[in-house]
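What follows is a set of notes on a single structure, which appears directly below.
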Amino acid sequence: PDMSYPMHILNGTIPSLKVLENKWLNKGLINEDNEDDDIKMLLKCLLIAFTFHDINKLHNEIDLKTSVEKYFEEDLKDLEIELNEEEKEIVKYLILATEERTRFVIPDDKLPTRRGLNRLIKDDLIEIIHLADSISIPIGNYNDLLKIWKKLKNYVDVNVFYFDEIPYEVLARFIVERLRKDVDCYVISPRGFIYEG
């Protein structure tokens, strides 16, 4: 009720993917020249799973598990998203893992075990989906920005730049725009941003 579904997805996706990117860079799983098909597949599954993580709300249903069983295949067809069976199982697993009440209703024996992909899914992707869902809130004031900062702070060294309504607001916004070009931003709002460092 507080924001549109596409905005909810976008607000959570961008900063959480930056967190995942840093995590996987540090683990040596990815680099600038990475062409690993399994990593690409996991990222694809992550993005689709987060897009559908509230599939029950998209269909005005209460139960997430029932909604996945009932609408997932149909929604994939409507959006012309093609997934193989392994990818479908990963996406369903991640969707259901987003909510605590459905986190353990799908067996993890359907997850791929090669190269430890099941561990990446369980240890990294579930965590990133939880993060994305929890930080995707409307930012109306400093406290909202601080809530997101506190959650991101558990994963990466970030700080908050926030400015109140002041007589020099136009000048402050100009300075912010210049500063943002030189820092790596995780969250950007009309009143400030969360940046790395």
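Rule-based calculations on the coordinates, nothing more; no lab input. A quick note: this is a predicted structure, and the numbers were derived from the prediction, not measured. Note: ideal-geometry Cβ built from the backbone for every residue, glycine included; neighbour counts use all protein chains shown.
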Check your understanding: Which longest uninterrupted range of the chain lacks any trypsin sites (Lys or Arg not before Pro) assigned by DSSP to a loop state (not H, G, I, E or B) and surrounded by at most 16 other Cβ atoms within 10 Å?
Key -> 1-102
**Study point:** Which of Ile90, Leu125, Pro138, positive extreme of dipole for the chain (C-beta unit charges)
**Key:** Pro138
Exercise for review: Mind giving me the FRET efficiency for Asp78 and Ser189? R0 is 41 Å, r the Cβ-Cβ distance, nearest 0.05 is fine.
Suggested key: 0.80
Exercise for review: For the pairs Lys18/Lys153; Lys57/Lys88; Lys23/Lys153; Lys18/Lys151; Lys23/Lys65, note any where the Cα-Cα span goes beyond 18 Å.
Suggested key: Lys57/Lys88; Lys23/Lys65
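Using the crude model of +1 on Lys and Arg Cβ and -1 on Asp and Glu Cβ, and no other charge, please compute the dipole size for the chain relative to its Cα centre, in debye to 20.
Working: 27 positive and 39 negative charges, 135 e Å.
So the dipole magnitude of the chain works out to roughly 640 debye.
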Revision key, fill the gap. Semi-axes (Å, rounded, descending) of the ellipsoid equivalent to the chain per its C-alpha gyration tensor are 33, 21, 14
Check your understanding: Any idea what angle helix 85-98 forms with the longest principal axis of the chain, computed on alpha-carbon atoms, 0 to 90 degrees, nearest 10?
Key -> 50
Study note, to complete from the structure: Simple spin-label estimate for Glu86/Asp164, 7 Å along Cα→Cβ, in nm, reads 5.6
Check your understanding: Which angle from 0 to 90°, rounded to the nearest 10, does the C-alpha axis of helix 64-78 make with the longest principal axis of the chain?
Key -> 90
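Would you work out the charge dipole size for region 1-40 about its Cα centre, treating the Cβ of every Lys and Arg as +1 and the Cβ of every Asp and Glu as -1, and quote it to the nearest 20 debye?
Numbers: 4 positive and 8 negative charges, 56 e Å.
With Lys and Arg at +1 and Asp and Glu at -1, about 260 debye.
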Practice item. Quick one: grab the alpha carbon gyration tensor of region 1-92, order the square roots of its eigenvalues as a ≥ b ≥ c, and give me rounded if a/c is under 1.5, else prolate or oblate depending on whether a/b is larger than b/c. Key: oblate
Review point. Taking the alpha-carbon centroid of each part, what is the distance from region 143-197 to region 19-43 in angstrom?
Key: 27
Review point. Hey, what angle do you get for helix 142-153 against the long axis of the chain, alpha-carbon based, 0 to 90 degrees rounded to 10?
Key: 50
Practice item. Tell me the label-point distance for the pair Lys27, Asn60, using the 7 Å Cα-to-Cβ offset, in nm and rounded to one decimal. Key: 4.1
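Find, to one decimal place in angstroms, the Kirkwood hydrodynamic radius of region 69-164, where the mean of 1/r is taken over every pair of different Cα atoms and then inverted.
15.8
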Practice item. Considering the options Tyr5, Leu25, Leu76, tell which one lies farthest towards the positive end of the dipole of the chain, charges being +1 on Lys and Arg and -1 on Asp and Glu at the Cβ, about the Cα centre. Key: Leu25
